[in-house]
1. Got a sec? Which of Ser80, Ser70 is on the phi < 0 side of the Ramachandran plot, within 16 Å of the ligand (Cβ to nearest atom) and part of a strand (DSSP E or B)?
2. List every residue pair whose Cβ atoms lie under 9 Å apart, where the two residues are 6 or more positions apart in sequence or sit on different chains, the first residue falls within region 23-42 and is part of a strand (DSSP E or B), and the second residue, located anywhere, is among the basic types (Lys, Arg) and surrounded by 14 or more Cβ atoms within 10 Å (Cβ to Cβ).
3. Quick one: would you say Ser76 is surrounded by 12 or more Cβ atoms within 10 Å (Cβ to Cβ), touching a Lys or Arg at 6+ places or on another chain (Cβ under 7 Å) and among the small types (Gly, Ala, Ser)?
4. Working only within region 29-66, note down all residues that are of a type in the set (S, T, N, Q) and over 20 Å from Leu122 (Cβ atoms).
5. Can you say whether Arg92 is within 16 Å of the ligand (Cβ to nearest atom), in contact (Cβ under 8 Å) with a residue 12 or more places away in the chain and not aliphatic (A, V, I, L, M), as far as the supplied structure shows?
6. Tally up the residues in region 1-42 that are away from the ligand (no atom under 16 Å from the Cβ), among the basic types (Lys, Arg) and out of contact with any helix residue (DSSP H, G or I) (no Cβ under 9 Å at 6 or more places or on another chain), please.
7. If you go through region 82-126 one residue at a time, how many are under 20 Å from Glu55 (Cα atoms) and among the polar types (S, T, N, Q)?
8. Within region 1-50, which residues are surrounded by fewer than 12 Cβ atoms within 10 Å (Cβ to Cβ) and within 20 Å of Ile106 (Cβ to Cβ)?
Amino acid sequence: MYCPKCLNNSLCMKSKGTIFILINSHKTTTSQFLYNLAREEEEDIFEHLEEKFEEFFHWYKGFENKEKISKVEVISSDFSCENKCILPPGSRFSAIGIIIDKKQFINLLTKLTKKHNLRLSLESLE
Ligand SMILES: [Zn+2]
């Protein structure tokens, strides 16, 4: 991934940290989880993700005015640049395509939105 400071492809996800989930810019108090690459496989992380999206959609489907699901963010601030750049405070980057497989993730979204009777029309995935 590209570092916003030195513009090299040297931005890496730290081996442990927190992943935050936002759907249509909404988040709940529980829509985040810790990951630890030293102790977990990517499959374990994906299972956590599935659990969190399941919870989220379960909550969201109770909304009175449900919008279609168009904007999904799976982001973390636990990134560092191999060139030791100091990243701007509050920098967050997507974990999709890094520790979460994009195709597998879109399949998951399709499955879960269907299950919860929500419309999915992705315009932005980060
Ligand atoms: Zn850098």
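1. Matching residue, one of Ser80, Ser70: Ser80.
2. Ile23/Lys71; Gln32/Lys52; Phe33/Lys52
3. Yes, satisfied.
4. Thr29, Thr30, Gln32, Asn36 - these are the residues of region 29-66 that are of a type in the set (S, T, N, Q) and over 20 Å from Leu122 (Cβ atoms).
5. Yes; evaluated as a whole, the condition is true for this residue.
6. Residues meeting the conditions: 2.
7. 6
8. Ser25, Glu43
Throughout, read-outs are computed from the coordinates displayed, never taken from laboratory work. All values reported here derive from a predicted model rather than from experimental measurement. All Cβ positions, glycine included, derive from the backbone under ideal geometry; neighbour counts span all protein chains shown.
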